[in-house]
Amino acid sequence: MLLQLISLSGIQAQENLKISTIFEKYGKQKGSTMVLFSGEALNNYKLDKYRSITLPYDKNTSKDIQQCLEADKKSARKIKEVISSGIISSGYYQLLDENNHINRYILFKIGNDGIATLIYMEGGKDSEELINKLFIKNK
């Protein structure tokens with residue numbers, strides 16, 4: 001029962017974000033691929049939850065994703081973005097956590113092939129080191 005409560009709190013953390021609507025709306029749509037990992041599958045990566053979706057990036061998805069990113073980045077403490085032709089073409093957002101027990105991340109990129117990838121991850125304090133190694137280039 002305790003594990004279910006912990007699992008539900010992780011789901012709740014993402015549901016407080018606008019990007020959760022992208023996963024709900026497009027997750028089962030033809031041409032989209034959604035992946036969800038939690039629990040033991042992520043222990044070695046210092047993460048508690050990983051959710052991603054890849055989908056064709058067209059006019060409808062563009063509007064939905066851009067609005068969600070704009071809303072969610074308001075609560076970010078770190079933002080790295082590339083904006084092209086007035087839209088976010090890639091973004092990294094480390095979000096504030098009210099309880100300060102987990103780090104939450106949103107990653108987004110539009111590929112040259114017209115496929116958009118949206119990733120949500122969360123984990124303990126050690127997760128920041130992993131995310132920086134994987135997604136942030138050292139200068």
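Derivation of every value follows stated rules applied to the coordinates shown; laboratory data play no part. Remember, predicted model here, so these are calculated numbers, not experimental data. Don't worry about glycine lacking a Cβ; one is built from the backbone with ideal geometry, like all the others, and counts go over all protein chains shown.
Here's how it looks for Asp48: its modeled amide H is under 5 Å from those of Glu122, Gly123, Gly124, which are all 5 or more places away or on a different chain.
Each residue of region 49-66 is assigned a 3J(HN,Hα), and the resulting list reads 8, 9, 9, 9, 9, 10, 7, x, 9, 10, 4, 5, 5, 4, 4, 4, 5, 4 Hz, derived from the Karplus form 6.51 cos²θ - 1.76 cosθ + 1.60 (θ = phi - 60°), x at Gly and Pro.
Excluding Leu69 itself, calculate the net charge of residues whose Cβ lies under 12 Å from the Cβ of Leu69, where each Lys or Arg counts +1 and each Asp or Glu counts -1. Provide the component values of the computation, followed by the final result.
Values: positive: Lys18, Lys63, Lys73, Lys74, Lys109; negative: Asp64, Glu70, Asp72, Glu81.
Net charge around Leu69: +1.
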